[in-house]
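These notes are about the structure you will find just below.
The values are calculated or read from the model by the stated rules, or taken from the named source; none is laboratory data. Just so it is clear, the structure is predicted and the values come from calculations on it, not from any experiment. Quick reminder, even Gly has a Cβ in these numbers, built from the backbone with ideal geometry, and neighbours come from all protein chains shown. Quick note on the areas: whole protein, heavy atoms, side chains included, nothing else; ligands and nucleic acids left out. Shrake-Rupley method; radii C 1.70, N 1.55, O 1.52, S 1.80 Å.
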Amino acid sequence: MIIGIPKEIKNNENRVALTPAGVAEFKKHGHLVYVQKSAGENSGFSDNAYTEAGAELLPTIEAVYDIAEMIIKVKEPIASEYPLIKKDQLLFTYFHFASSEPLTYAMIERKAVCLAYETVEKSDRSLPLLVPMSEVAGRMAIQEGAKYLEKPMKGKGILLGGVPGVAPAKVVVLGGGIVGTQAAKMAAGFGAQVTIMDVSLPRLRYLSDVMPANVTTLMSNHYNIREAIAQADLVIGAVLIPGAKAPHLITRDMLKLMSPGTVVVDVAVDQGGCIETCSPTTHENPTFIIDDIVHYCVANMPGAVPYTSTLALTNATLPYALQLANKGWKKACAENEELKKGLNVANGKILYKGVADAWNLPFEDVETALKDLVYA
């Protein structure tokens, strides 16, 4: 198969979808790999390293899309990329369709095959290609939240961990999944007083067992959320419903419960956000203020630490990408339930219910669609 690795062009997205080590693996299996010039530079991988691993360099993004049968990316295509995508071309990347109607319609129109990292799912319901970036984003949420609590950043002027004789900051984490767990661990490590909330009692029991003493678990419901955010200095939104829009746990009217300078970091913003007033921002302009509350809503947080993020991501994605290349996407998805759940759009049809529901569009069962496609 011919593999294409374009340079990411989303604002301040510094990651790359394949490392030189990954190129070598594809070459070992007999595939051709084309990498756009300078695609890996911001992640610490030189053009030379790619050519030594066996890749061929191409000068433009147009050239990469033109030659490739499978495009491997980090972030969803943006508008300038839509015309470059060919019918039946396989795109393997994060899509987050439920938060972007234009992207959804564009991929339907292009009749691309869209296999989304974020909905590849194991039998235990875990999301193996979302986990590494969730780990990075969860930890970064606290790092960024601590920074924006500083007064020059319009925050309250509170040091997250406090000092002897001065109380630490109060951090509320909404969601006890991967993002929330990593955020709570990081905040606890800073010395903050942390409350982590979830709707699952078994999950709260687990978190209560493994978290340090400065982390309190609390059942997530409307009343408890209102009480918790009223006392918080930093609120982390870490709620995920795979492939679907995140629910709004904090509404616009609830901002008045928080004191001026409180910081909210909505890690779920690429799935629509779990804080109603959040909308996607960039690393270039990461924050905005509504009702004196500082909102940090960068949709590609891990892009700020590209070396760590690229290695963490590609460690997880490479085995799946090799299956797709070795077998072709139809056979790979038919044989692998995890990859099958990653199929969101193919042949102009939506094959993932959460995406169809988000935009009130027709949905075709992936099992039926695959049978039709494989035996067509």
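Quick notes on this one:
- Isolated cysteines in the chain, defined as those with no second cysteine Cβ under 4.7 Å, comprise C114, C274, C333.
- Placing one equal scatterer on every Cα of the stretch 133-254 and applying the Debye formula, the log10 ratio I(q)/I(0) at q = 0.12, 0.22 Å⁻¹ is -0.41, -1.36.
- Here the scattering of the stretch 323-376 is modelled by Debye summation over its C-alpha atoms, one equal scatterer each and no solvent; at q = 0.23 Å⁻¹ the log10 of I(q)/I(0) is -0.84.
- With Cα atoms as the point set, the stretch 282-376 shows a radius of gyration and Dmax of 18.6, 58 Å.
- Most fluctuating residue given options E118, E335, E69, as computed from a GNM of the chain linking Cα atoms under 10 Å: E335
- Candidates V136, V215, V163, ranked by Gaussian network fluctuation over the chain, Cα under 10 Å, top entry: V163
- Computed on the chain, with alpha-carbon pairs under 8 angstrom and 6+ residues apart, the relative contact order is 18 percent.
- Across the accessible surface of the stretch 1-111, with the other protein chains kept in place and a 1.4 Å probe, carbon and sulfur atoms take up 50 percent.
- Excluding same-chain neighbours fewer than eight residues apart, the lysines reachable from K37 by a Cα-Cα span under 16 Å are K7, K73.
- Separation between Cα centres of the stretch 65-118 and the stretch 1-55, rounded to whole Å: 18 Å
- The mean of 1/r over all distinct Cα pairs in the stretch 187-303, once inverted, gives the Kirkwood hydrodynamic radius of 14.9 Å.
- Reachable aspartates and glutamates, given that their alpha-carbon falls under 16 Å from the alpha-carbon of K327 and they are not under 8 places away in the same chain: E25, E69, D88, E335, E337, E338
- Note on the stretch 202-265: Rg/Rh from Cα positions, Kirkwood definition for Rh, rounded to two decimals, is 0.98.
- Computed about the Cα centre, the dipole magnitude for the stretch 130-218 is approximately 220 debye when only Lys and Arg (+1) and Asp and Glu (-1) carry charge, each at its Cβ.
- Only protein heavy atoms count here; on that basis, with a 1.4 Å probe, K73 has an accessible area of about 0 Å².
- Between helix 222-231 and the chain: long-axis angle, C-alpha atoms, 0 to 90°, nearest 10: 70 degrees
- Length gained when the stretch N326-S38 is fully extended (0.36 nm per residue, less Cα-Cα span): 101.0 nm
- Amide H contacts of G162 (H built 1.01 Å from N, in plane; Pro and chain starts excluded): A169 sit under 5 Å, all sequence-distant by 5 or more or on other chains.
- Overall shape of the stretch 32-190 was characterised from the C-alpha gyration tensor. The equivalent ellipsoid obtained from it has semi-axes of 38, 20, 16 Å, in decreasing order.
- C-alpha long axis of helix 101-110 to longest principal axis of the chain, angle in °: 10 degrees
- Per-residue ellipticity at 222 nm, computed for the chain from helices alone with -39500 (n - 2.57) per DSSP H run of at least four residues, works out to -10500 deg cm²/dmol.
- Over all orientations, the chain has a Cα convex hull whose mean projected area works out to 18.8 square nanometres.
- Scoring 177-190, 20-33, 352-365 by mean Cβ neighbours within 10 Å over their residues and listing the highest first yields 177-190, 20-33, 352-365.
- The stretch 216-278 and the stretch 325-376: distance between their alpha carbon centers, rounded to Å: 33 Å
- Using a Förster distance of 30 Å, the FRET efficiency for E364-E284 (Cβ separation, nearest 0.05): 0.15
- Length released on extending from D372 to D357, taking residue separation times 0.36 nm less the Cα-Cα span: 3.1 nm
- Oblate is the label for the stretch 253-292. Its Cα gyration tensor axes, ordered a ≥ b ≥ c, give a/c of at least 1.5 and b/c at or above a/b.
- Rolling a 1.4 Å probe over the protein heavy atoms gives the chain an accessible area of 41 Å² per residue.
- Reachable lysines from K170, criterion Cα separation under 16 angstrom, eight or more residues apart if same chain: K147, K156, K185
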